[in-house]
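Notes to accompany the following structure.
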Amino acid sequence: MYKIDHISMDADVECPVCGEKLGNFETKNGPGARVTLDFREVDNFYSRCTKCNSIIEFSLKNPVEADDRKKLTVDSYQKKSVIY
Ligand SMILES: [Zn+2]
C-alpha cells in the first residue's frame, strides 16, 4: 500500500477523457504523511475522474531547478489518462 499526500491545485483542470473538472489530486512523490503539497513541489501527481473513473496522471515535462518551481503551471505537466 502506497503512502500518499494530497495536492493543492489552484487552476481548473479538466479530465482529458470526458471534460469533467478534476479534483482530489494526490501524489506518491511526497513524504507520505498525508500532508498537502502544492502541485509545483512534486514531479508527478494524479487524480481519479469522478465522472468517467479514468486515472489522470500528471508528470513534469522538463526538469526544473528548485528556484524555478514556483513558475510552473499545470501546463508544465504532461497529462495522461491511464486505463486499469
Ligand atoms: Zn473523466
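Quick note: the coordinates plus some simple rules give every number you see, no bench work behind them. Please read all numbers here as calculations on a predicted model, not as lab measurements. Note: ideal-geometry Cβ built from the backbone for every residue, glycine included; neighbour counts use all protein chains shown.
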Global form of the chain, assessed from the alpha-carbon gyration tensor, a/c cut-off 1.5:
oblate
Please return the longest range in the chain lying between exposed loop sites, taking GluC sites (Glu not before Pro), DSSP loop only, at most 16 other beta-carbon atoms within 10 Å, and leaving the sites out.
21-64
How big is the dipole moment of segment 5-82 about its Cα centre under a simple scheme where the beta carbon of each Lys and Arg is +1, that of each Asp and Glu is -1, and everything else is neutral? Debye, nearest 20, please.
240
Relative exposure of 38, 5, 10, judged by other C-beta atoms within 10 Å (fewest first)
10, 38, 5
